[in-house]
Amino acid sequence: MGRATRRLCVVCLGIVLISAAVSCASSTSTAKITPSPILGPLTVDLSITGDLPFAGHVTNAFLASHIPCTPRTIQFNIPEGGTRPVQRFQAAWRVRVAGNDYTVYFTRAPYRGPGTYSWGLMTEDKISPRSSRVQRQIVVYAGDPDYDESTGRIANSDYLFGSDGGKKTFVVAADQTSGTIDVDLFTKAALSADVPGPPAGHLSGSWRCK
């Protein structure tokens, strides 16, 4: 075999090895692609910004398996003694990001029917001459938390993020199963501090819980 032929064979072998390496790299890269998320049955349109693990534009959500999405009557203790019946509304839905579920939970009492609810005290919130007790909360839990029917609270789960009660709104539509949300979210550590500081992120858009 001549020198020219040997050089040609070496060049061919190099091309084969490079092609094989490229092929292996391509298959490895393809294997790392994250599968598309499963679309939930609820149509939402939420913009989530900031340092949150579920940040992004979310257009589908899942039902919260254990949390009722409906108004109901509960009993509030009042300073005058005894209790007074008060309407409360709860809504919850789950978003799925990178295979992880996060449940957004809202509660408001007194609840006066469909409309816009702010986080500050409103005249309509006064449930007795000496009491303006209000339940108002938006929190985010990991996974799909359980709900304790007897207490009306989330059971055996700790929240990741929550609202500080700032001047934001939560709107309940006429069907009482959908609406809009506009809220800053803080970490639990920030909410425990005397001054929460800047929010970790912001959640806004349209929601649905049924």
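Computed over neighbours whose Cβ is under 11 Å from that of ASN156, the net charge equals -2, Lys and Arg +1, Asp and Glu -1.
Annotation: average projected area of the stretch 36-208 is 10.3 square nanometres, based on the convex hull of Cα atoms across all directions.
For GLY201, the shell of other residues with beta-carbons less than 12 Å away shows a net charge of -2, using +1 for Lys and Arg and -1 for Asp and Glu. For the peptides 61-69, 188-196, 170-178, the ranking by mean Cβ contacts within 10 Å, running from highest to lowest, is 61-69, 170-178, 188-196.
Placing +1 on each Lys and Arg Cβ and -1 on each Asp and Glu Cβ, with no other charges, gives the stretch 36-208 a dipole about its Cα centre of roughly 500 debye. Taking Lys and Arg as +1 and Asp and Glu as -1, the other residues whose beta-carbon sits under 9 Å from that of TYR102 total +1.
Every number in this text was worked out from the coordinates using simple rules, so none of it is lab data. In this text the structure is predicted, and so the values were computed from the model without any measurement. Positions of Cβ are backbone-derived with ideal geometry, glycine not excepted, and every protein chain shown enters the neighbour counts.
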